[in-house]
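Have a look at the structure below, then the notes.
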Amino acid sequence: MEQTTEKKKRILSGIQPSGSFTLGNYIGAIRNWAKLQDDFECLYMVADLHALTVRQVPADLRARTKEATAMLLAAGIDTKESILFAQSHVPAHTQLNWILCCNSQFGELSRMTQFKDKSAKHPDNVNGGLFTYPALMAADILIYNADLVPVGQDQTQHLELARTVANRFNNAYSPTFTLPDGYITKEGAKIMSLTDPTKKMSKSDDNQNSFILMNDDRDTIVRKFKRAVTDSDGVIRFDTENKPGISNLMSIYNVFTGKSMDEIAAEFDGRGYADFKVAVGEVVADALDPINAEYEKILADKAYIDNTLKEGAQMASKLANRTLTKVYKKVGLYQI
Ligand code: TRP
């Protein structure tokens, strides 16, 4: 490997194993994770502990963690370049979580909009983990002294809290944690629902046609795009305000073809929406098909997945334990 004078910045990100990933997950997160590997030192994590903040069927969670790992590998996370692991396999995260809980304020945690939203959605299960979720997320990040954290809009408040807690700890004890910055990629920041383009694409949507899953086959993908809700003026033009459906399709087409919005408008000038929708479906299927084939292959190889996670956990633990030891000392826990 070539020696560079400047040390690569470190990136950490996580994704919950909440079933199949959507096209939104792929464009907004996973695809970028793969790209970032060239320029950064990357740690990627399946956040299985965060998934426990809502009720899970144990067998499903177990299967989904394995599936999420297989999909990340299929989508280009390369363990020769990056560290890929499951959160629960690195106990130092939960150990640091406790210390950070003791340095997070009730008021701060109460103000988190995700906590408020999820409490409203599951009023029968407003548990302590849901409340301290951002402290665990801060631990995930701070334990590796990550410089940059790629996150979606919905996680920026949690990242801000991680900075607040890191800063508080550094001031109370001594400089320990790197203050992490968000890493926002310009493209595909937010992919919208195909049936209601004013809402984010989400697999928890009741309407199956509103989202594309990374595992959908070509016919399903094209069919869902054909049914995408647009508008009635018949012109292909990027205008998120007045034409959210068409603009969403243009954003997706842009991601997979690299064509600018003007180029896309010119390409489909005078052609109907039907043609355009099929074209979008085709480029998405072209991108997802090979990933899916690879995913099926990897998923069938449990030993490979287990080994990958084992090695990932070992490498991550080595880094994480270093930070944890320092932190335990600094806060005054008796050392033997
Ligand atoms: N909370 C994130 C989400 O649901 C997942 C996550 C857990 C994460 N720990 C993280 C993301 C640390 C970035 C960094 O999307």
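For the chain, modelled as a GNM with alpha-carbon contacts under 10 angstrom, which of Lys203, Lys121, Lys297 fluctuates the most? Looking only at Lys203, Lys121, Lys297, the biggest GNM fluctuation is shown by Lys121. Our analysis of region 1-129 gives Rg over Rh at 1.01, with the two radii drawn from alpha carbon positions and Rh computed by the Kirkwood formula.
Using a cut-off of 24 Å between Cα atoms, the listed pairs Lys8/Lys330; Lys80/Lys297; Lys8/Lys329; Lys66/Lys259; Lys8/Lys190 include Lys8/Lys330; Lys8/Lys329; Lys66/Lys259; Lys8/Lys190 as exceeding that distance. One quarter of the surface of the convex hull around the alpha-carbon atoms of region 72-222 equals 11.6 nm², the direction-averaged projected area. Based on C-alpha pairs under 8 angstrom that are at least 6 apart in sequence, the chain has a relative contact order of 22 percent. Can you classify region 154-265 as rounded, prolate or oblate using the Cα gyration tensor, where a ≥ b ≥ c are the square roots of its eigenvalues, rounded means a/c under 1.5, and otherwise it's prolate if a/b beats b/c and oblate if not? In terms of gyration-tensor shape, prolate. If you take every DSSP beta bridge whose two residues both sit in the chain, what share of them, in percent to the nearest 5, is antiparallel? Antiparallel bridges make up about 15 percent of those DSSP assigns within the chain. According to the calculation over all Cα-Cα pairs in the chain, the P(r) per 20 Å bin from zero is 29, 55, 15, 1 %. When only alpha carbons are used to place a centre, region 249-269 and region 14-39 end up 22 Å from one another.
Only Cα sites of region 11-79 enter the Debye sum here, all with the same form factor; the resulting log10 I(q)/I(0) across q = 0.13, 0.15 1/Å is -0.35, -0.47, listed in q order. Anything over 26 Å Cα to Cα? Flag those among Lys121/Lys200; Lys35/Lys200; Lys118/Lys200; Lys35/Lys243, in the order listed. Cα-Cα > 26 Å for Lys35/Lys243; rest within.
The mean sequence distance of close C-alpha pairs (under 8 Å, at least 6 residues apart), as a share of the length of region 186-261, puts its relative contact order at 29 percent. Spherically averaged projected area of the convex hull of Cα atoms, region 215-336: 13.1 nm².
The relative contact order of region 202-336 comes to 23 percent, based on Cα pairs under 8 Å that sit 6 or more residues apart.
All of the numbers you see were taken from the coordinates with simple rules; none came from a lab. These numbers were taken from a predicted model, which means no experiment stands behind them.
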